[in-house]
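Novice: Can you keep this structure in mind? I'll have questions shortly.
Read-outs: derived from the displayed coordinates by stated rules, not from any lab. Keep in mind that this is a model prediction, so the values were computed, not measured. As a convention, Cβ positions derive from the backbone with ideal geometry for all residues, glycine included, and neighbour counts pool all protein chains shown.
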């Protein structure tokens, strides 16, 4: 029993570290995406080319993919373990705010994963040569996609779900790492809320602007 508990705690710890690493990547990706709002495609294409060819970035890409794989795999494993351990819901007990987000974490995560697969298909697989497209002109690829209403609906819905996922992920990662504190924990939750609103709102603003005004 103790080995099972230790394994579960270890997986939560590793998943938290992988999640925090992914949280640092999103602002970088958002800053690059804001270049899509420029009328000149050169800055965005240059940034995309740099991200695709610079050796250090390619190493970071491998680490990023590993972090995604670890985060998703451990998240699914832990959720299934929780379902098997608690086949019936609690009869009584108060529900904290975080318990609501935790309850639906697997579903928000599944939505984000679905979007990642779509995103890889539309961009990353083009870079790998697995899908037809021009890897040197991702600016046009993105603009063409954002002209499709259905793509924007999916994009915006996924980023709403990402916001819910980020809020709980940001807060729970610090808790998993044992960084609870009566003073700092409320501050972390406020930062988590700010982050969970700002990042999805930034991506959504790009989608809406290109959809309606490009």
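Novice: Can you list the residues of region 21-44 with backbone N under 11 Å from a point 7 Å past the Cα of residue 136, pointing along Cα to Cβ?
Specialist: It comes to no residues whatsoever.
Novice: Right, here's the next one. Could you calculate the contour length gain from residue 64 to residue 82, that is, 0.36 nm times the residue separation minus the distance between their Cα atoms, to one decimal place in nm? Walk me through the numbers on the way to the answer.
Specialist: Values: separation 18, 0.36 × 18 = 6.48 nm, distance 2.66 nm.
Residue separation times 0.36 nm, minus the Cα-Cα distance, leaves 3.8 nm.
Novice: Hey, rough spin-label estimate for residue 56 and residue 40, points 7 angstrom out along Cα→Cβ, what's it come to in nanometres?
Specialist: Computed distance between label sites residue 56 and residue 40 equals 2.5 nm.
Novice: Further question on the same structure: How far apart, in nm, are two points set 7 Å out from the Cα along the Cα-to-Cβ line at residue 175 and at residue 31?
Specialist: 3.1
Novice: Let me ask something else about it. Could you rank the peptides 192-202, 45-55 by their average count of other C-beta atoms within 10 Å per residue, with the highest value first? Before the final figure, lay out each step's value.
Specialist: Working: 192-202: 16.7, 45-55: 14.4.
Final packing ranking: 192-202, 45-55.
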